[in-house]
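The values are calculated or read from the model by the stated rules, or taken from the named source; none is laboratory data. Small disclaimer: the values here were computed from a predicted structure and weren't measured. Heads up, the Cβs are rebuilt from the backbone with ideal geometry, glycines too, and the neighbour counts pull from every protein chain shown.
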DNA sequence: GCTTAGCACTCGATTGATTAGAGTGCTAAC
DNA sequence: GTTAGCACTCTAATCAATCGAGTGCTAAGC
């Protein structure tokens, strides 16, 4: 049985209603809605069909119907009309983002707050992947006997630092010359490129080979620890505003996921390109089967390196969340690229 | 009416019981306890007195009694016997802390997790105050036309960075020499000392006065923004395990406080010296009037610069929390000082 | 043949009454 | 001063009755 025009209409009306009320929707409610010119009895027949097709669930016999994951999937893929942000709102978000200074972590933290405020759902932002950032400068700074701090400055100004051991007999001039060489050779290349030039750099380091080896090894390690890119959460208590989380047990589970940066990273990194990606209910695995996760990516230069998204109940306001995410994705890309 | 021996005994028994059960305590329960050789009727008389004195509350006529803030205050100040950590436990915590690498933020994050795990309450850790850290190195790194990144390396390896504008006509050699001068003059001084040497440094900068001025101004600004030292929260969902937070509304309020870093900083920074400080119920202000906050400080070198603490229900297990905090405070001080 | 009015039926939520139990406060006896 | 005894209070649990929202089915209407 294929879905005809009317079934689409009714399903859409049910979803719209349920998204705003969170209460099972009955046939009378839909019948009364403008745009649907059928009696409750007719609606009931259609609803019965829709249930059989897996688009609706019935909590119990005498309750209304509730949209299933499958219904939301259909909704976001075909039914939904994506809303637009008012220019007012765009401006408000834009202004706030601009005011957050230039430091990358401040931008990310600010974006998480804006996102949670604008959507009223919990927001998550994953910082840029290290490997895609371009090197501006590498500097070895002596900090103690035989120890130096290696500082990597990238196009985002992000400073990655690590302690390295300096072999005996090297003074700060040696450190300086190695720094110079690294910077000259690697400037404007993405951090990942360090790997490719590894042996070449080592060869040309001449009498500072041990230090160069140590330095490269530490960079390599930083790159490998890339899976530990920062994850920032905003509005973690927002979910508790929704009746589906009135149960403390559910709230606890949800908060536990927010505490696990690894799980969050995995949830956020499923989208491919720049377009908004939506995962509904069970698609998010057993931990989050009553949530939806909507994600987008942002660029730095021409590389998509980070992700931003929101987590909310499956009945979330998709057609509002999507334009907000799109706008924020662009805003962040701009803010992080022009520098 | 002063508290006699027996009243102390009974109050202590009530508090002990309430801490473990979270249920109002009746006279029979106390009477049955070993160590108290009185009938329920006698206990009732005493309880009635204790209520009149403000140490006990009665949720309703036919319920047992519940300790008041005043009772907990008396308890932690005079009644409580502070527990000891088993050497097993010390070792476990110690090992975990050691394994967290040397990066300060990793240490802090790790400590927050350990603290929450060991106590089963929500933990909060405030990063070291900038001003108290000693300067190891200051470096200006060119990143673009007329822009440089100023990097401050301290004894904790913490890198504070900020973009500064470079006046026309200065090349990287000029930046290098300023860096050298700043490092020589300021090395081993606390960051705050920059203020005192301000004019002196400016005078001696000779033909690079504008750059020096700009640099010092930026450092000044970083110091003033000191109130924004990082705050890390661990185990934010732990509180939901306690029956007093079964009410979603309360949970929401609590989580809202955890999201406000400013409020958390204020809560954590009330302790003076190194000893453990306890604030009970209403002492924490209206937002947190049903929580207790227990804090300690940690040192870097001989300066107390950061705070750590836990937040839990007023009926928290004080005599376990205190030794854990004491131990963690020492462990962190050691870990951050020996480097 | 699709639509819809009508109606019996289901089931959760609400209400009210009753009961059980925990605990108190008071009095009088020890 | 201590305690046994007892009446009293108040909550929580239980149960029945009722309400109402909503369904499914049938038969009549267009």
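Residue by residue, here is whether (1) modelled with pLDDT of 95 or more; (2) near DNA strand D (Cβ under 10 Å from one of its atoms); (3) over 18 Å from residue A:72 (Cα atoms) holds:
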| site | (1), (2), (3) |
| --- | --- |
| A:1 | no, no, yes |
| A:5 | no, no, no |
| A:14 | yes, yes, no |
| A:18 | yes, no, no |
| A:25 | yes, yes, no |
| A:34 | no, no, yes |
| A:39 | no, yes, yes |
| A:44 | yes, yes, yes |
| A:48 | yes, yes, no |
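Yes or no: the range A:81-103 includes at least one residue that is surrounded by fewer than 18 Cβ atoms within 10 Å (Cβ to Cβ), touching a strand residue (DSSP E or B) at 6+ places or on another chain (Cβ under 9 Å) and modelled with pLDDT under 95.
Yes, the range A:81-103 has at least one match.
For the subset of the range B:255-285 comprising residues that are within 14 Å of chain A (Cβ to nearest Cβ) and in contact with a helix residue (DSSP H, G or I) (Cβ under 6 Å, 6 or more places away or on another chain), which member is farthest from residue A:240 (Cα to Cα)? Walk me through it before giving the result.
First, the residues of the range B:255-285 that are within 14 Å of chain A (Cβ to nearest Cβ): B:255-264.
Applying the additional criterion that residues be in contact with a helix residue (DSSP H, G or I) (Cβ under 6 Å, 6 or more places away or on another chain) yields B:257, B:263.
On the way: B:257: 14, B:263: 20 Å.
Per the stated criteria, the residue is B:263.
Of all residues being surrounded by fewer than 19 Cβ atoms within 10 Å (Cβ to Cβ) and within 11 Å of another protein chain (Cβ to nearest Cβ) in the range A:163-182, which is nearest to the chain's Cα centre (by Cα)? Just the residue, please.
Among residues in the range A:163-182 that are surrounded by fewer than 19 Cβ atoms within 10 Å (Cβ to Cβ) and within 11 Å of another protein chain (Cβ to nearest Cβ), the one nearest to the chain's Cα centre (by Cα) is A:163.
Could you tell me which residue of the range A:120-129 is farthest from residue A:313 (Cα to Cα), considering only residues that are touching a helix residue (DSSP H, G or I) at 6+ places or on another chain (Cβ under 7 Å) and buried (at least 23 other Cβ atoms within 10 Å of the Cβ)? Working first, answer last.
Step one: list which residues in the range A:120-129 are touching a helix residue (DSSP H, G or I) at 6+ places or on another chain (Cβ under 7 Å), which gives A:120-127, A:129.
Add one more test, that the residue is buried (at least 23 other Cβ atoms within 10 Å of the Cβ), and what stays is A:121-126.
Working: A:121: 9, A:122: 10, A:123: 13, A:124: 15, A:125: 18, A:126: 21 Å.
Only one residue fits best here, namely A:126.
Please list, ordered by first then second residue, the pairs with beta carbon atoms under 9 Å, 6 or more apart or interchain, first in the range B:38-52 and within 14 Å of chain A (Cβ to nearest Cβ), second assigned to a helix (DSSP H, G or I) and more than 9 Å from DNA strand C (Cβ to nearest atom).
Pairs that qualify, where the first residue is within 14 Å of chain A (Cβ to nearest Cβ) and the partner is assigned to a helix (DSSP H, G or I) and more than 9 Å from DNA strand C (Cβ to nearest atom): there are none.
Each row is one residue, and each column tells you yes or no for (1) under 15 Å from the mean Cα position of the chain (by Cα); (2) part of a helix (DSSP H, G or I); (3) surrounded by 17 or more Cβ atoms within 10 Å (Cβ to Cβ).
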residue	(1), (2), (3)
A:244	no, yes, no
A:257	yes, yes, yes
A:266	yes, yes, no
A:282	no, yes, no
A:295	yes, no, yes
A:310	yes, no, yes
A:315	no, no, yes
A:326	yes, yes, no
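All but one of (1) free of Cβ contacts under 8 Å to residues at least 60 places away in the same chain; (2) away from DNA strand D (no atom under 16 Å from the Cβ); (3) outside the structural domain of residue B:277 (by TED's automatic domain parsing) hold for residue B:75, so report the exception by its number.
Condition not satisfied by residue B:75: (1).
So residue B:216 clears everything in (1) farther than 30 Å from residue A:250 by Cβ; (2) modelled with pLDDT of 90 or more; (3) within 14 Å of chain A (Cβ to nearest Cβ) except one condition, right? Which one?
That leaves (3) as the condition not met.
All but one of (1) at pLDDT below 95; (2) within 10 Å of DNA strand D (Cβ to nearest atom); (3) closer than 20 Å to residue A:315 by Cβ hold for residue A:61; which doesn't?
(3)
Working only within the range A:39-66, note down all residues that are assigned to a loop (DSSP other than H, G, I, E, B) and within 11 Å of DNA strand C (Cβ to nearest atom). Talk me through it step by step, then tell me what you get.
Filtering the range A:39-66 for residues assigned to a loop (DSSP other than H, G, I, E, B) gives A:39, A:53-55, A:58-64.
Across the range A:39-66, the qualifying residues are A:39, A:58, A:59, A:60, A:61, A:62, A:63.
Residues are listed down the side, and each one gets a yes or a no for (1) in a helix (DSSP H, G or I); (2) in the same structural domain as residue B:238 (by TED's automatic domain parsing):
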site	(1), (2)
B:91	yes, yes
B:95	yes, yes
B:105	yes, yes
B:109	yes, yes
B:112	yes, yes
B:118	yes, yes
B:124	no, yes
B:135	no, no
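Here is a list: A:141, A:153, A:159. Which entry is closer than 30 Å to residue A:183 by Cβ, facing chain B (nearest Cβ under 10 Å), more than 18 Å from the chain's Cα centre (by Cα) and surrounded by fewer than 20 Cβ atoms within 10 Å (Cβ to Cβ)? First the steps, then the outcome.
Working: A:141 fails: surrounded by fewer than 20 Cβ atoms within 10 Å (Cβ to Cβ); A:153 fails: surrounded by fewer than 20 Cβ atoms within 10 Å (Cβ to Cβ).
Exactly one residue qualifies, and that residue is A:159.
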